[in-house]
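Notes follow once the structure below has been shown.
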Amino acid sequence: MRTFCTVQSITKLERCFNARPPSFEIQPNYNVAPSREIPFIVIHEDERHVKKRHWGLVPFWAKDISIGSRMINARVETVTSKPAFRAALKQRRCLIPANGFYEWQGKSGSKQPYYFHLPSGEPFAFAGLYEIWEHKDALPEAGPYKSCTIITMDASDSVKDVHNRMPLILKPEAHEEWLDSENKEPAKIEELMKTKYVKELKRYPVSKRVNRVENNLKECIEPLQGIGDSGSPESGLKKS
């Protein structure tokens, strides 16, 4: 997954994720680009807090932050063993709230983007990991670079005819256990990733303007008329 749509409303973040309101303003982001700051949810002193992280995880041992552009996703099949994610999976798990995400179908040069969302239309949470990286030679006032990644998995039946991968969307009943920093047992964490994810999603075709990250507009998530669910021209058919 290379882009998604964040939750636009502080009220929805509070209601859907039982989180304290953030100390910063939530800016609409309909086309998230790697390295951009995005809202994410962690537990601090037994309460859920909304904070910000750059999308694209930079491991604490990295020489510089450029590695983050290659770390926007962590495959569930290897997240327990890869050095970049192994420590974060045990100690630094988070929820990354979203309204939907995009995937593309078709041949290179003519791929049709689709917007995936819950059947209810409500926000959901990706399973995420976060890290804190500090430059050894940086001045103290520079502060650490805070980043995150989204765990991905094989696509479910509702996605796989468009793309073979999808983000791991946690069921609401799994949120508390996923965020629990005391839960460090690999078997329990793996069980959550294997069993507590959302399978059923809806989708509809959207404009190719989402192909360009500078197009951060509400129009990116609006249904595209005249394109069928298969990506071929039809009379306004859309699956949603």
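The values are calculated or read from the model by the stated rules, or taken from the named source; none is laboratory data. This structure is a prediction, so every number in the text was calculated from the model and none was measured. Glycine also receives a Cβ, built like all others from the backbone with ideal geometry; neighbour counts cover every protein chain displayed.
Brief remarks on what is shown
- Residues of the stretch 51-70 that turn out to be under 29 Å from ASN211 (Cβ atoms) and touching a helix residue (DSSP H, G or I) at 6+ places or on another chain (Cβ under 7 Å), as a count: 4
- Residue list for the stretch 173-188, filter: in contact (Cβ under 8 Å) with a residue 40 or more places away in the chain and under 11 Å from ALA127 (Cα atoms): HIS175, TRP178, LEU179
- The condition of being surrounded by 22 or more Cβ atoms within 10 Å (Cβ to Cβ), farther than 30 Å from ASP180 by Cβ and at pLDDT 95 or above holds for GLU103.
- Residues in the stretch 59-68 that are surrounded by 13 or more Cβ atoms within 10 Å (Cβ to Cβ) and either farther than 21 Å from PRO186 by Cα or free of Cβ contacts under 8 Å to residues at least 12 places away in the same chain (or both): ALA62, ILE65, ILE67, GLY68.
- Close pairs from the stretch 100-119: first under 15 Å from THR6 (Cβ atoms), partner at pLDDT 95 or above and of a type in the set (Lys, Arg), Cβ under 7 Å, at least 6 apart: TYR115/ARG203; PHE116/ARG203; HIS117/LYS202
- Of the residues contained in the stretch 146-169, one or more are found to be farther than 18 Å from LEU201 by Cβ and either of a type outside the set (S, T, N, Q) or over 18 Å from the mean Cα position of the chain (by Cα) (or both).
- Considering the stretch 223-240, the residues that are under 22 Å from ALA155 (Cβ atoms) and not in a loop (DSSP other than H, G, I, E, B) include one that is modelled with the highest pLDDT, namely PRO223.
- The residue of the stretch 168-188 that is modelled with the lowest pLDDT, among those that are surrounded by 11 or more Cβ atoms within 10 Å (Cβ to Cβ) and among the small types (Gly, Ala, Ser), is SER181.
- So ILE96, is it among the hydrophobic types (A, V, I, L, M, F, W, C), surrounded by 15 or more Cβ atoms within 10 Å (Cβ to Cβ) and either on the phi > 0 side of the Ramachandran plot or at pLDDT below 95 (or both): no
- Considering ALA155, ALA127, the condition of being touching a strand residue (DSSP E or B) at 6+ places or on another chain (Cβ under 6 Å) and touching a residue at least 40 places away in the same chain (Cβ under 8 Å) is satisfied by ALA127 alone.
- Filtering the stretch 189-212 to residues that are under 29 Å from ARG93 (Cα atoms) and surrounded by fewer than 14 Cβ atoms within 10 Å (Cβ to Cβ) leaves GLU191, LYS194, THR195, LYS199, GLU200.
- For the stretch 71-89, the condition of being more than 18 Å from MET153 (Cβ to Cβ), basic (Lys, Arg), under 15 Å from the mean Cα position of the chain (by Cα) and surrounded by fewer than 21 Cβ atoms within 10 Å (Cβ to Cβ) holds for none of the residues.
- Residue that is surrounded by the fewest Cβ atoms within 10 Å (Cβ to Cβ) [pool: residues in the stretch 14-31 that are in contact with a Lys or Arg (Cβ under 9 Å, 6 or more places away or on another chain) and touching a residue at least 40 places away in the same chain (Cβ under 8 Å)]: PRO28
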